Every structure is written in C-alpha cells, then in structure tokens.
Amino acid sequence: MAYADLDLGTRSDSYSLNSCPVTATVSSLRVPQNCFSKLPLLAYDPDGDDVRCSFTTDAAVPSNFALDKTTCTLTSTGQVGIGVHVFEMMLGDYPTTNITLTYADGSSVYREASNMNSPPLCKVMLQFSVEILPPIPNCEAGQTLPIFFSTTPSHGDVLYATVGQKFQLHAQAQALLASIFDFQVSGPQNMTKASKDNNNGIAEVTVSWTPKQSDLYRFVPVCFTAETNESQSEMRCVAVMVTQASITQGKATVECSPNKMTVALEKASMPGIDENYLRLRDRSCSLTFNSTHILGSMSFSTCGTKIEDAGDFIVFKNEIVSYVLPNELIIRRETVKIGFSCQFPKTIHISSYYNLHNSDYIFTESSFSSFGYTFEIFHDSNFTSTVEANAYPVNVQLLDKIYMGIQAQTEIPNVQLFVESCKATPDDNPENPTYYDLIRNGCIMDETFKVHTSDQISFNFEVQVFKFTGNYDQVYFNCFVILCEPGNPFSRCSQGCLRNPSRRRRRGLSRETVGHYITQGPLRLVRQAVPILDDKNVGMNKTDTPISVSPSPVSADRHPFLQTDTKSSEGGWVIKEILNANISTVVFASAFLVTLVLLAGVVFYFTSKRRGEDRRPLIVSGWEN
C-alpha cells in the first residue's frame, strides 16, 4: 500500500509538475530465516531524481532489520525472528541538478541539488509485510529457492506499453529441489496472467495488460515472484511507461569483452529514428555515429549498466533510449527503446564446449568494479599465439612442455595479479579429491614448473606434461587467482609464498578481490608409437650397441598420482625387447655366480694353506722340547 504527498510547483528542467517515485511490492513476501539477507525495493523516479528511503518516525522497526537509504534495500543486522513483520517507510525524490519550482500564484522557489536539508519534491509512503519462515537446508538460488532466467526482466527495468495495445511481460524461473506452483503478480486491476510448467523444475508466466487512455504517461509498477511451498524467489519489480504511439524497438549487434561491451545499431534497419536524441540508460552517456551505424561503448559498471545474477550466468544489461528536451512542448520523433546485454558463465566447464572454446571469466566486486580473466594455452614459450578453439581437447605426449598464461582484464589502471594456487585434476571439477599441486599457498610445488617473465596483470608458465595413474587420459588445470592493490604490504599479492598459511592476515587490511577458480583444459594424452624392427635388429642399432631407455625425470615416489606411459599399440617389439632383456639378465647372472664360486674356492685354498704354514713351527717346537 502506498500514499503520496506532492509539491505542486512546475519544474524548470521539464516544464511540468514533478513525478513521484514509483514503488510497490507483491502482497505476500516470504523468506526462510536462514536465507534472508536483503530485499531490494522498487524505487524508480521518472524525472531521474535521486530516491532516498527511510523508516517513518512513528513506526516500530522489527529487531535485526535495517534499511539502506540510498538503494532502498531492506537488510538484516543479525538473525531475524520467525513470523510476520510489518514495515512502513517513506520514499522521497531529490533533484540531481539545480532547479526552480514555479507555483500557480506566480511565486517560485530555487532548489539547490547540493542542499541535503531540502525537503523531497514528493513523498511516497509504502507499507508491506515480510513473513520469515523456518530455516531450510539449502539457500542456493535455483535449488529450493526459485531463480529467474536471464530472459526475465531485471529488477528496476523500465518497460513500455501503448494505449489500446496489449502489453506482455514474460518471466521464467527454475527450482530443482522444489515445485513452482504459481507466480505472484501485483499490478493494475485489469492485468491477467497465464502460467505453465515445463521439465526440470522450470515454470514460466506471461502477464498481459491493455492500457486505457487514462493510463497515458503513467509509470505503472509491476512486481512478481515465483512461488513454491517452501518459499518464493526474489521479488522483481519493473516500471511500465504508457505511451500514445508504438515504441520503436530493434535488435542491436553487441560485442562482449571481459570488461566492457560495445553496441552497434544499423541505421538502415530503423528508418525514421533521430540519432541526435538517443542516449544510453544513464543520461550522462552519449552515443557516437557514422554514416551507417549508431555506436556505443561502456564498461560493465558505467552508463547505467545493470548487473543480474542469473544462476550459472552473470548478465550485464543496458539500453538505447530516446529522450525529450526540457523545453520541447511537442515532438514528431519515434520513441526508441533498444535493449542489449552480455552474458557470461560463472564457471566454464570447457569439456562441454570443445567447439565453443571460451576462456573468459567475468566477476564483479564493489571496489574493483567488473573485471575478468583469460586462461589460455599457447603454442610456444613466446606466449603470443594461442591454441585455436577447434583444437580442444589439446593432444599432448608425456614429457612434452605445455605453455599456459593467465591474464587479468580490468579498467582499473594499477592492479596486480596473484596466482595463489594451481592444481591439476583428471576432470574439470576443482574440488575433485584426486589432484596434484603445482602451486600451493603461492609456492611452486613441481620441479618442472617454470614461471616466465610477464607484466603485473599476467602470469605465464610452462610445465612438463604428465598423467594421472589409473584409467585417466585427460588433465585439467585449476588456478586460484586474486587481484590486489600493488604496494600494499598487507595484501596477499605482497606476501607471496607462504609456507605456513596459518599466518595469513585478514583480507580487510588490504584492497583486493576474493579468490576465484579458473579452469583450463583438457590436455589429452596420446601414446607415442613404437617402431617395429626386424628380428635380427631387435634391441641393437647399426653399431651393435644396445639401445638404452632413459628413465623419466619425474619421480613416481614424489608424485604418487603420476606415471609415465609404458603401453604401446605395437606390442610385439616390446615383448621381444623384454625377452631379449631377460636372456641377457640370465647370462650375466650365471656368469656372476660362477665367478663367485671360483673366487670362493681360491680364497678357501689360500686360507687353508696359510693356516697350515702357521701351525708347522708350533709342532716342530713341541718335539724339540
């Protein structure tokens, strides 16, 4: 339930009355006790003003609940109590630029954007309740708690509807360990919904609404959740703007890189649009043009780009929209809204994407904005030419050298990459209990592992190829990486190799990211062919010198999971070599035994003779006495 208190002055920036913040919730909010952390509320302002939230002064705030005033997000400060909690809060809008408000009696008021003591232009009261349910075993979104797919509008999106034409909103959610039985939707009274279930715990809903003439120029809030018996999904709310004419919509060509996205709109595909009145979601970001295209480029943390956690993916969304100048009374331009996005997997299982090889990983943190990593296999020690995507899995032979490189990609100018650990596994699961440490706690553990010189956001290395014992023919590399502020003595990057990890400091003392696992592979072991020789040449070369086999430099005692490959598809030569080696062993052993017997006989003969000579003087001496 919401109430509004509006300043009736005409704004100097829009030549119209102020528009109040748009907010709403679904009628019933339910969250398990152990899963509640935050609840974002819709706080959209049509004039682009800042919206601030606060609890009303005469309302009691339930224990262990708090409110982020700038983001209008309800948060927890401790364990919240089971039961129904009622909230009453006030939303107010504050201009971001200096404006003058003019009233019907001719008076006016000047409002400075920097004056934090000024009252809001409009106050909206919102009342809602949250039911805290008993704890559940798993709070991971997509398991018991439903999660929305990336095709669903994001929280806070602005959608467009036309008077007299049907507007539709589509949402899709999944819960693997629970059944989605319904979608809860709040919106205008004549709005309808139709839902259906699919396989694998997936359900979807279509919300339909035909705006009337009385809805023209309104911003209508629509909120929705996916419902299970145990709980519900996050609440998402959008603002639907009702226009007189149809919205010009189109698809843009988007190029996604690890830290930014670039959009290109072909002019010929959208005749009648005026390129001079287009911008990105953030009005401070402009577009560029050439003779054929409208172009925009932005990082994932600028120009109003929204970040959405879509289960296994992180989605970055923005849009190209048209705008109206403050002094324009009428317009004859099409209204434009063109949405575009980039989607990145949180964890890449490369074995599933041999033909779609992608080694980019994208992460987002408040102090580091959006940043990414690439993890590549190179052809040689120059680290300039990467192995092509269609070459995965990469075929290698034992004792070959493999060259790999990790690079951080970020717009922050001064950061340092640190590889705290790297381990090999027989599959693409970093948590596999069968693993072999290459780097542990920043310390190199393998004697063939060599780090090559690189810059502070790159880590290039080589290692000799090995295999896991048992029925494995693939090796994956899983590295745990961190970005740090260079020069900070408390950062993990500055500490380097830690022989005693218990002495590690708190992360809060330095500016650095959390650690992330990135995976590359697989390397697929191929067996080396063994030549077939004539019988008379078995085990001998042209100079009749026996062929020797050098032992592997990797010790099996030091690396219990590793072994060299002794099998061959050409087994005849190997068997003959073994037989030849056995015959030689028997001959040498026999000769050695004969030598020992002869030597023992000689030693016994001379020992007996010496004893006899020693005894003779004693016998003669006795007779003389």
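List of remarks:
- Residue order, fewest to most surrounding Cβ atoms within 10 angstrom, among GLU234, GLU431: GLU431, GLU234
- Above-threshold pairs, the threshold being 18 Å between Cα atoms, out of LYS260/LYS306; LYS423/LYS467; LYS267/LYS337; LYS260/LYS423; LYS260/LYS317; LYS166/LYS193: LYS260/LYS423
- Cα gyration tensor shape for the stretch 1-135, rounded if a/c is under 1.5, else prolate or oblate: prolate
- Between SER114 and ASP50, residue separation times 0.36 nm minus the direct Cα-Cα distance comes to 21.9 nm.
Read-outs throughout are calculated quantities, based only on the coordinates presented, and are distinct from any laboratory measurement. As the structure is a computational prediction, the values presented were derived from the model and not from experiment. Positions of Cβ are backbone-derived with ideal geometry, glycine not excepted, and every protein chain shown enters the neighbour counts.
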